[in-house]
1. Let me know the shape class of the stretch 93-202, please: from the alpha-carbon gyration tensor, a ≥ b ≥ c as square roots of the eigenvalues, rounded when a/c is under 1.5, otherwise prolate if a/b is greater than b/c, or oblate.
2. Taking the Cα-to-Cβ direction at residue 215 and at residue 41 and moving 7 Å from each Cα, how far apart do the two end points lie in nm?
3. Which value, in nm² and rounded to one decimal, describes the direction-averaged projected area of the C-alpha convex hull of the chain?
4. Take residue 81 and residue 12, extend 7 Å from each Cα along the Cα→Cβ direction, and tell me the distance between the two endpoints in nm.
5. Points 7 angstrom from Cα along the Cβ direction at residue 154 and residue 172: gap in nanometres?
6. With a 1.4 Å probe and every protein chain kept in, tell me what percent of the accessible surface of the chain is carbon plus sulfur.
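The values are calculated or read from the model by the stated rules, or taken from the named source; none is laboratory data. All figures in this text were calculated on a predicted structure; none of them were measured in a lab. Here the Cβ positions follow ideal geometry from the backbone for every residue, glycine too, while neighbour counts run over all protein chains shown. Protein only, heavy atoms only, side chains kept; ligands, DNA and RNA dropped before computing areas. Shrake-Rupley method; radii C 1.70, N 1.55, O 1.52, S 1.80 Å.
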Amino acid sequence: MLRDGIDYALLSAVLITHTHTDHYAVWDLMTRLPHYANLPDAAPLTVVGNEKCGELLALELNKKHEPDGGGRIAFLRVQPHEPIRLGDHTVTAVRANHKPSEEAFNYVVERDGKKLLYAHDTGEFLPETVGFLSGMALDFVSMDCTSGLHDTGDHHMGLPNCRRMRDLLVQTGAARPDAVFALSHVSHNSHVSHARLKEAADGFTVAHDGMEIQI
């Protein structure tokens, strides 16, 4: 936030993929409540996610005696393949191959004719997800590369999996042939440096904190 000059008071929505704590630290959202933040002009924050996400948010809000979010936080339960409108963006959830105990999501985000797929956390894409994305002509895909150079497949991906999924998206028309494919969510468990991954990841952009891409 400090490095990139991001004003979180202006944030109007956040997309939650699943409830693992490295992706959904519910308590952090409580700092937006009126008795924590003196932000009279803060935009109401819409938290978008699955059923479990809503349950955990409601539990935390009740602990803080703000069951309605104090006018600062609201929850929107999203359903797979059903687009929702968030400001200038159209957002559609697709099922991810991750956390089988709940309905984990990835998201397609559209604005001004451009389409982005946020695809992590996930292993290799589920058949129903590939079918839904077919013909969509995505301009940008951010891919899970938690496992670095390793071939893993389920729950997370490595570079070999990302290559297969890139080829599949292009073959089915889900992504444009000239689409930008970025590798992100690269874990320390992969035992690969950013420089080494860049060397190996032909045709991919390897993400870094604060990176901006124009599509």
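1. Values: a/c = 1.82, a/b = 1.27, b/c = 1.43.
Oblate, because a/c is 1.5 or more while a/b does not exceed b/c.
2. 3.2
3. 12.3
4. A separation of 2.9 nm, rounded to one decimal place.
5. The modelled label-to-label distance comes out at 2.0 nm.
6. 52
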